[in-house]
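Any read-out appearing in this document is the output of simple, stated calculations on the displayed coordinates, not a laboratory observation. For clarity, every value in this text was computed on a predicted model and none was experimentally measured.
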Ligand SMILES: *Cc1c(COP(=O)(O)O)cnc(C)c1O
């Protein structure tokens, strides 16, 4: 039987998506060829790329609003660099909420002045800084909507005239937001959209082409837009599986539907973390992520007993990140509510073993 997969990334994908992907590897579109041995310029694959790009915009409500969707290589980590390369002239503001934003700041410093307008680094990123100010004269403001490693999530975004850029790698397509507030959104596929190997970039075209430097072709958003995400051979398989997953999401009711499911899963688990005296949360309650819930045992002597129980229950991927410790339950879109119930049952079983 399939395990209850709480892995932080690469993530769980719906079983029907995996089945369709497996079939396409053997025989794509009944063409008697594999998806991964045909030309990316073939009609069949160009249709996949076009569908994936338009579905991404459609699900976010950004169709016909001046945005382009791209599927690029290099992971979200390359976007740390590309964002600054394409958009940073003199000065940019960054909110430092975790390892990934910290890395984004490091990359941006090679291109101009970086103002860290807020940071929770001194508290090992266990909350989202609030009440910070974004100067009007910066080229953009960069933030990370969900901090995969630490388990915090931005619930609101600043009201500002400055261009908003957001790394949404681990919560894109998980909740409704006013996506039009953002000029550029990027997300590595492997957290909540598909397999590793491609990165979704959603960019408002009018913000591009204003930087005073030459941007090399493969790092240039305008070049990728002109080539319709085919400047070189795209990650055919990763784009295809992402497309299948976006189709799955659309069929079940899109972001409004999945957001409700995600809220139910998170409420169920956090309620148990707060109720069960053997467990405690790690981050500020108001900043808790609906995607990645981090927690520890109140008494570390229970570690072996808890680990044995959850592994026996068929749970995978519950260990916390090495920089946080404890446990992390990642509850991406494809994780069923039932899997969270199995985890909660295990937490209660540990409690009842105490007496
Ligand atoms: C995983 C992750 C990254 C890094 O993604 P890669 O695709 O591995 O480069 C960046 N940002 C966030 C929020 C992540 O969760």
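Computed from the C-alpha gyration tensor, the three semi-axes of the ellipsoid equivalent to the stretch 1-145 are 38, 21, 14 Å, from longest to shortest. With contacts taken as Cα pairs under 8 Å at a separation of at least 6 residues, the stretch 254-352 carries a relative contact order of 34 percent.
For the stretch 279-355, the spread of Cα positions along the three principal axes, ordered from largest to smallest, is 34, 25, 22 Å.
Only Cα pairs under 8 Å and 6+ residues apart enter the sum, and on that basis the relative contact order of the chain stands at 23 percent.
The alpha carbon convex hull volume per residue for the stretch 103-212 rounds to 130 Å³. By DSSP, the beta bridges lying fully in the chain are antiparallel in about 55 percent of cases.
Translational diffusion coefficient, Stokes-Einstein: compute it for the stretch 139-274 using the Kirkwood radius over C-alpha pairs as Rh, at 4 °C and 1.567 mPa s, and state it as an integer in µm² s⁻¹. The calculation lands on 77 µm²/s. The per residue volume of the convex hull around the alpha-carbon atoms of the stretch 38-78 is 96 Å³. Mind grabbing the base-10 log of I(q)/I(0) for the chain at q = 0.10, 0.13, 0.14 Å⁻¹? Debye formula, identical points on the C-alpha positions, no solvent, two decimal places. Here the Debye-derived log intensity ratios amount to -0.63, -1.02, -1.16. Inverting the pair-averaged 1/r between distinct Cα atoms of the stretch 219-322 gives 17.6 Å as its Kirkwood hydrodynamic radius. Compactness check for the stretch 85-140: Cα Rg over 2.2 N^0.38 Å is 1.12.
Gyration tensor over the Cα atoms of the stretch 175-225: the corresponding equivalent ellipsoid has semi-axes (square roots of 5 times the eigenvalues, largest first) of 23, 17, 7 Å.
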